[in-house]
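The values are calculated or read from the model by the stated rules, or taken from the named source; none is laboratory data. From a predicted model like this one, the values you see are computed outputs, not experimental measurements. A quick note on method: Cβ atoms are made from the backbone with ideal geometry, for glycine too, and the neighbour counts reach across all protein chains shown. Calculation scope for accessible area: heavy atoms of the full protein, side chains included, ligands and nucleic acids excluded. Shrake-Rupley method; radii C 1.70, N 1.55, O 1.52, S 1.80 Å.
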Amino acid sequence: MIATSPPLRIAHRGMPLRVPENTLAGFALALAEGADGIELDVHCTADGVVVVHHDATLADGAAIATLTLDELGAHESSPSRRIPTLLEVCALVKGRAELFVELKGEGIEHHVAALLFSYDGPRAVHSFDHAMIRRLAALQRGLRLGILVEDAAMSVTEVTDAMRSAGALDLWPHYPLVTERMVEEAHAIGGRVLPWTVNDPVDGARFAGLGVDGICTDDITAFPPRATHR
């Protein structure tokens, strides 16, 4: 397989090697460095606000789902690590890069879909929870959907079957799982392959040669930009 252009450079939670992850500062730096995509994780507060954070709990053990947005602010450790809302990230990105939203919180797909429905820019949603992606597909809100996989025991056929079952067009495999056959079969059903988390330029070059569509990385500057980058 011959790649026609470098893969999308997708900033994994921003630029976590230089700025705290999942922060507005990290996303702003990724945009300044020319990111093609911004990847982030979301949960929902008790009052229905979608916020950007990887874990379901905070550093002090408080669960995000049990706190209102105002209460969440009282638990934040410092201004540099302030937890942004997804709406704030949308306002920052403004279509300058594709927004890749990973659903972490349970049952939050309706909140996320409602917010992203009015977002004027490329956006996609993915999750390890394939059932949640299936429920999103049933909503028919026009979102591009994806599934994450990390089970090395899954065959390529099982992976693409999981994509079809979930209504997903994006496949997010843990990078050691990527093979030429996986890329070919995902492309055959109209999908994209976006391995995570690729931090070694040698791996990046190999995956580019296999024709992956993007790489999710902690440092986008380690990989060549696309000639067509906006």
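For the reader, a short list of remarks on this structure follows.
- From the options A63, A91, A59, A32, residue that is open to solvent by 20 Å² or more (accessible area, probe 1.4 Å), free of Cβ contacts under 8 Å to residues at least 24 places away in the same chain and closer than 26 Å to D203 by Cβ: A32
- Qualifying positions in the range 155-178 - over 20 Å from L103 (Cβ atoms) and either in contact with a strand residue (DSSP E or B) (Cβ under 9 Å, 6 or more places away or on another chain) or in a helix (DSSP H, G or I) (or both): V156, T157, E158, T160, D161, Y175, P176, L177, V178
- Residues of the range 35-52 satisfying the condition of being under 20 Å from E76 (Cα atoms), among the charged types (D, E, K, R) and open to solvent by 10 Å² or more (accessible area, probe 1.4 Å): D47
- Members of the range 57-74 that are touching a strand residue (DSSP E or B) at 6+ places or on another chain (Cβ under 9 Å) and not in a helix (DSSP H, G or I): T57, A63
- Checked against the criteria, V202 counts as farther than 20 Å from E39 by Cα, open to solvent by 60 Å² or more (accessible area, probe 1.4 Å), among the β-branched types (V, I, T) and not in a strand (DSSP E or B).
- The residues on offer are R141, R181, and the sole one that is of a type in the set (K, R), open to solvent by 60 Å² or more (accessible area, probe 1.4 Å), part of a helix (DSSP H, G or I) and in contact with a helix residue (DSSP H, G or I) (Cβ under 6 Å, 6 or more places away or on another chain) is R181.
- Within the set H126, H130, H111, the sole residue that is over 19 Å from R192 (Cβ atoms) and modelled with pLDDT of 95 or more turns out to be H111.
- Count of the range 20-60 residues which are among the β-branched types (V, I, T) and under 26 Å from V212 (Cβ atoms): 3
- Residue match in the range 73-87 (condition: in contact (Cβ under 8 Å) with a residue 40 or more places away in the chain and among the hydroxyl-bearing types (S, T, Y)): yes
- Single unsatisfied condition, R9 versus (1) in contact with a helix residue (DSSP H, G or I) (Cβ under 6 Å, 6 or more places away or on another chain); (2) part of a loop (DSSP other than H, G, I, E, B): (2)
- Residues being assigned to a helix (DSSP H, G or I) and open to solvent by less than 30 Å² (accessible area, probe 1.4 Å) - total across the range 100-129: 4
- For G26, the stated conditions hold: it is within 24 Å of H111 (Cβ to Cβ), without any contact (Cβ under 8 Å) to a residue 24 or more places away in the chain and surrounded by 14 or more Cβ atoms within 10 Å (Cβ to Cβ).
- Identity of the residue in the range 92-136, among the aromatic types (F, W, Y) and closer than 19 Å to H12 by Cα, that ends up nearest to the chain's Cα centre (by Cα): F100
- Tally, over the range 1-18, of residues that are open to solvent by 10 Å² or more (accessible area, probe 1.4 Å), of a type in the set (V, I, T) and touching a residue at least 60 places away in the same chain (Cβ under 8 Å): 1
- None of A188, A208, A168 is surrounded by 22 or more Cβ atoms within 10 Å (Cβ to Cβ) and at pLDDT 95 or above except A168.
- Where K104 falls short, out of the listed (1) farther than 29 Å from V183 by Cβ; (2) touching a residue at least 60 places away in the same chain (Cβ under 8 Å): (1)
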